[in-house]
């Protein structure tokens with residue numbers, strides 16, 4: 001019989017690094033729940049080096065889940081010869097599936113349960129969907145915490161997959177080391193990507209379902225839009241895949257590796273991560289101050305100021321100053 | 001020759017109450033610009049009783065501008081016999097046209113210039129479009145300030161007209177004593193209103209362009225949606241207008257008066273305005289705290305904390321706490 005699981009984040013993280021998935025799951029639940037416990041988890045998570053994160057975004061139905069599933073296998077082939085750094089094997093991979101519209105379902109949505117079964121015999125894969133039950137600032141803060149936790153638990157690569165292209169999802173996917181934008185062939189899909197602001201965040205384009213008509217046109221549209229964009233040193237490559245049959249996924253992974261090698265050779269990885277941390281810190285500050293507003297608005301002094309406003313004895317700016325000092 | 005206009009808000013308000021439109025315009029520009037001067041204007045504006053505000057919202061092209069223009073004439077007929085209170089004549093009316101998508105154009109967009117010409121000979125009408133150039137919290141705070149200022153300058157009624165049904169526009173239009181939702185006949189328009197959250201905020205529905213086919217269906221759809229809604233004591237009436245020809249605008253104004261009489265007889269006007277002031281105060285608090293975040297993020301201490309984060313010596317929550325204490 002197994003010993004009951006600890007509730008101490010430090011003990012749990014120790015367990016998680018030795019492969020205890022229940023311990024890892026409990027830590028992730030703590031992050032979702034927010035509060036003091038999640039703070040302790042965060043302080044442990046951020047003490048370790050971050051994992052390499054690959055974000056996948058694109059319209060619902062573009063085939064991101066299938067692509068991610070196929071990618072899991074490719075990841076284990078390692079970074080390949082494009083990487084000038086040490087070729088450590090990638091022995092584990094984690095997937096975070098983000099669906100802001102999905103109600104909380106106990107840590108795993110139906111799709112993930114099915115996917116988990118598929119990978120159930122594989123101890124080197126960890127798939128988890130994220131929801132928030134109380135984390136300060138919601139998913140846009142809980143996801144980076146979860147990514148860092150997975151890194152601290154020994155995962156060298158984390159794939160972050162969003163269901164749609166809502167503002168929060170795009171924000172989350174773009175907060176990655178390599179951001180993959182998935183589109184399908186067919187008129188207008190690349191235009192839609194442009195409209196959703198996906199062009200700006202893409203390090204790599206994948207035209208999935210490339211066995212359908214319109215691939216050439218989609219590629220041409222993307223190339224044209226890239227020609228019109230102000231690109232830096234890196235021009236996002238365009239890869240064609242048929243995720244259902246596994247076609248092109250090796251090339252996609254190679255392109256991810258090339259982007260990583262570019263980031264490392266041009267010393268862009270550290271500034272990129274530093275900017276991300278600054279953005280996260282800014283979000284935590286905003287969330288904390290929003291909490292303050294709520295606290296103030298629930299207080300007696302707030303009601304007093306509203307009464308003064310109703311009586312015409314103050315204005316909202318003076319009242320706010322009174323409340324904030 | 002005219003004396004040059006003062007720059008002192010108090011002097012300007014004195015001038016504005018005697019009908020000096022240049023003085024009123026300068027005060028409104030001060031509000032748009034934000035900063036210390038707008039604070040002074042606000043403290044003067046909120047000392048007077050608020051005017052009666054009628055908000056008009058609906059999809060672009062529904063005919064809100066034409067309806068507002070026609071309403072200007074009706075307003076001067078007074079509140080009519082439906083009102084149990086004292087029948088003060090409505091000798092002046094102000095219109096605030098809100099277009100968040102319009103770039104700042106010096107206080108009046110082209111359409112308003114044309115409309116102003118039309119009313120140029122009428123000293124009892126004041127039309128102004130609002131933009132923001134720096135007001136804390138943007139239009140959703142600048143508009144209530146402007147409404148109060150118009151009240152302080154002696155306008156008993158202010159019509160607030162939005163161009164579209166963006167989130168901010170709906171928010172602004174709903175922060176009125178009577179909120180009018182304008183739709184057109186035709187399949188789906190009432191459904192769209194439902195989707196945009198207009199059903200919840202409407203005190204009165206206007207089916208404008210009622211000479212077009214589909215009026216009966218639009219009315220039936222609205223009635224059905226109202227039947228399914230949880231209504232209070234007031235069931236929003238549905239009025240048909242052909243604003244272009246002035247048809248039905250008298251009935252519309254009568255319905256506004258009936259809603260006002262309902263608010264006054266059931267003693268709902270004061271709580272409604274009190275809730276609005278509480279919401280405004282909450283927004284000022286949020287805006288002030290957002291300013292604080294920006295100030296913190298520009299400081300040296302913020303950069304130091306980011307460096308600590310990059311080095312893995314802290315986490316975003318601990319860093320935020322350091323910065324906020």
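Scanning for something over 20 Å from the mean Cα position of the chain (by Cα), more than 29 Å from residue B:139 (Cα to Cα), free of Cβ contacts under 8 Å to residues at least 12 places away in the same chain and assigned to a helix (DSSP H, G or I), does region B:174-188 turn up at least one residue? Checking region B:174-188: not a single residue is over 20 Å from the mean Cα position of the chain (by Cα), more than 29 Å from residue B:139 (Cα to Cα), free of Cβ contacts under 8 Å to residues at least 12 places away in the same chain and assigned to a helix (DSSP H, G or I). Inclusion of residue B:291 among residues that are touching a strand residue (DSSP E or B) at 6+ places or on another chain (Cβ under 8 Å) and assigned to a helix (DSSP H, G or I) is not warranted. Exactly one residue out of A:252, A:168 is at pLDDT 90 or above, assigned to a helix (DSSP H, G or I) and either within 30 Å of residue A:139 (Cβ to Cβ) or assigned by TED's automatic domain parsing to the domain that holds residue A:56 (or both), and it is A:252. Here residue A:260 qualifies as more than 7 Å from every other protein chain (Cβ to nearest Cβ), farther than 27 Å from residue A:136 by Cα and assigned to a helix (DSSP H, G or I). From the list B:26, B:7, B:70, B:76, which residue is modelled with pLDDT of 90 or more, away from chain A (no Cβ under 14 Å) and within 30 Å of residue B:183 (Cα to Cα)? Within the list B:26, B:7, B:70, B:76, the selection yields B:70.
Selection of region B:315-325 for residues being more than 7 Å from chain A (Cβ to nearest Cβ) and assigned to a loop (DSSP other than H, G, I, E, B) yields only B:325. Annotation note: Cβ proximity below 6 Å between a residue of region B:37-64 that is within 14 Å of chain A (Cβ to nearest Cβ) and a residue that is in a loop (DSSP other than H, G, I, E, B) and buried (at least 22 other Cβ atoms within 10 Å of the Cβ) (sequence gap 6+ or interchain) occurs for B:42/A:315; B:43/A:315; B:46/A:315; B:51/B:155.
Looking across B:16, B:45, B:25, one residue alone is surrounded by 24 or more Cβ atoms within 10 Å (Cβ to Cβ) and under 18 Å from the mean Cα position of the chain (by Cα). It is B:45.
For region A:1-80, the helices (runs of 4 or more DSSP H) that sit wholly inside it and include 3 or more residues that are in the same structural domain as residue A:177 (by TED's automatic domain parsing) are A:64-75.
Taking the listed residues A:135, A:119, the one that is modelled with pLDDT under 85 and surrounded by 20 or more Cβ atoms within 10 Å (Cβ to Cβ) is A:135, with no other qualifying.
The single condition among (1) surrounded by fewer than 15 Cβ atoms within 10 Å (Cβ to Cβ); (2) more than 10 Å from chain A (Cβ to nearest Cβ); (3) at pLDDT below 95 that residue B:304 does not meet is (3).
One line per residue, one yes/no per condition, for (1) at pLDDT 95 or above; (2) buried (at least 18 other Cβ atoms within 10 Å of the Cβ); (3) within 20 Å of residue B:66 (Cβ to Cβ):
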residue	(1), (2), (3)
B:241	yes, yes, yes
B:266	no, no, no
B:283	no, yes, no
B:289	no, yes, no
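Answer with yes or no whether residue A:201 is in contact with a strand residue (DSSP E or B) (Cβ under 9 Å, 6 or more places away or on another chain) and within 19 Å of residue A:251 (Cα to Cα). Answer is no for this residue. Mind checking which residues of region B:224-239 are under 17 Å from residue B:252 (Cα atoms) and out of contact with any helix residue (DSSP H, G or I) (no Cβ under 6 Å at 6 or more places or on another chain)? Residues satisfying the conditions are B:235, B:236.
Restrict the check to region B:151-158 and report whether at least one residue is out of contact with any strand residue (DSSP E or B) (no Cβ under 6 Å at 6 or more places or on another chain) and assigned to a helix (DSSP H, G or I). Yes, some residue in region B:151-158 is out of contact with any strand residue (DSSP E or B) (no Cβ under 6 Å at 6 or more places or on another chain) and assigned to a helix (DSSP H, G or I). Residues satisfying the criterion are present in region A:287-299 (criterion: more than 32 Å from the chain's Cα centre (by Cα) and more than 7 Å from every other protein chain (Cβ to nearest Cβ)).
The values are calculated or read from the model by the stated rules, or taken from the named source; none is laboratory data. In this text the structure is predicted, and so the values were computed from the model without any measurement. Here the Cβ is made from the backbone with ideal geometry for all residues, glycine too, and neighbour counts use every protein chain on show.
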